[in-house]
Amino acid sequence: MATTQLTVPAISARNLPSFDGLKPSAVKHVSMGPLKSGCVLKRSFRGLVVKAATVVAPKYTSITPLGDRVLVKIKNVEEKTQGGILLPTTAQTKPQGGEVVATGEGKKLGNTKIEIGVKTGAQVVYSKYAGTELAFNGSSHLILKEDDIFGTLETDDIKDLKPLNDRILIKVALAEEKTAGGLLLTEASKEKPSVGTIIAVGSGPLDDEGKRTALPVSPGDSVMYSKYAGSEFKGSDGSDYIVLRVSDVIAVLY
């Protein structure tokens, strides 16, 4: 009985699709001779290189932030769902909170010295892309400016956030279920609302003399805000929340 042969052409790196972080040299390719039917072609790939945080050498035992910077110990990433199912690395959400472990001396506005508004031990929520990540004393840390901190949060529910400075916490209004003509909308066709109710406000921004300026809005106000502003969160009750600066509020609704 004749043997069927398959011919595998040589693979060129030029024909490979381009992916971020994957260099052509990271893939080994060879030209192979005829293969008999039933043979399995094994492919070998190198692991992709992931950029790690800056590693602080063990000889350094403490870190003191300068100016208005804060050192935060990052909370561990959740590895399981509430039902106990293990999450793959790609499905784990990057934490946006942690504990303040050190602070700088503050900053100056004119001749006035402004101290850091958060204290050591406070649990804070911060901007997702802020700061510089560090591997220190076996844990992940982040050095960031105080202005990148949204507020303090002593529970696991975002509705309990206490905003800092000029930031406010808004509970987003539910999307409209019907059109003006009474047609039901599908989830995909519902327009994302940019209206909500203020839950909490910060103490206000600092003026040139280092004094707080009261915010023009208060808890309970219904407001409209810029569509692409702020950072979104999901509350424990399933409601949507957003944290943004008061300057992103464009109108108060009555």
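The values are calculated or read from the model by the stated rules, or taken from the named source; none is laboratory data. Note that the structure is predicted; figures quoted are calculated from it, not measured. Positions of Cβ are backbone-derived with ideal geometry, glycine not excepted, and every protein chain shown enters the neighbour counts. Note: accessible area is taken over every heavy atom of the protein model, side chains too, but ligands, DNA and RNA are not part of it. Shrake-Rupley method; radii C 1.70, N 1.55, O 1.52, S 1.80 Å.
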- Only one of these is open to solvent by 80 Å² or more (accessible area, probe 1.4 Å), on the phi < 0 side of the Ramachandran plot, in a strand (DSSP E or B) and modelled with pLDDT under 90: Lys94, Lys108. Name it. Lys108
- Message: Exactly one condition in (1) modelled with pLDDT of 95 or more; (2) within 22 Å of the chain's Cα centre (by Cα) is false for Asp157; which is it?
- Response: (1)
- Message: If Val124 meets every condition in (1) crowded, with 20+ Cβ neighbours inside 10 Å; (2) touching a residue at least 60 places away in the same chain (Cβ under 8 Å); (3) touching a Gly at 6+ places or on another chain (Cβ under 7 Å) apart from one, which number is that one?
- Response: (2)
- Scan of region 206-254 for residues that are assigned to a strand (DSSP E or B), of a type in the set (A, V, I, L, M) and in contact with a Gly (Cβ under 6 Å, 6 or more places away or on another chain), ordered by number: Ile242, Val243, Leu244
- Could you list, in sequence order, the residues of region 191-235 that are open to solvent by less than 50 Å² (accessible area, probe 1.4 Å), more than 16 Å from Ser247 (Cα to Cα) and of a type in the set (Gly, Ala, Ser)? Gly210, Gly235
- Query: Restricting the search to region 176-205, which residues are at pLDDT 85 or above and not in a loop (DSSP other than H, G, I, E, B)?
  - Reply: Val195, Gly196, Thr197, Ile198, Ile199, Ala200, Val201
- Conditions (1) at pLDDT below 95; (2) part of a strand (DSSP E or B): number failed by Lys171: (1)
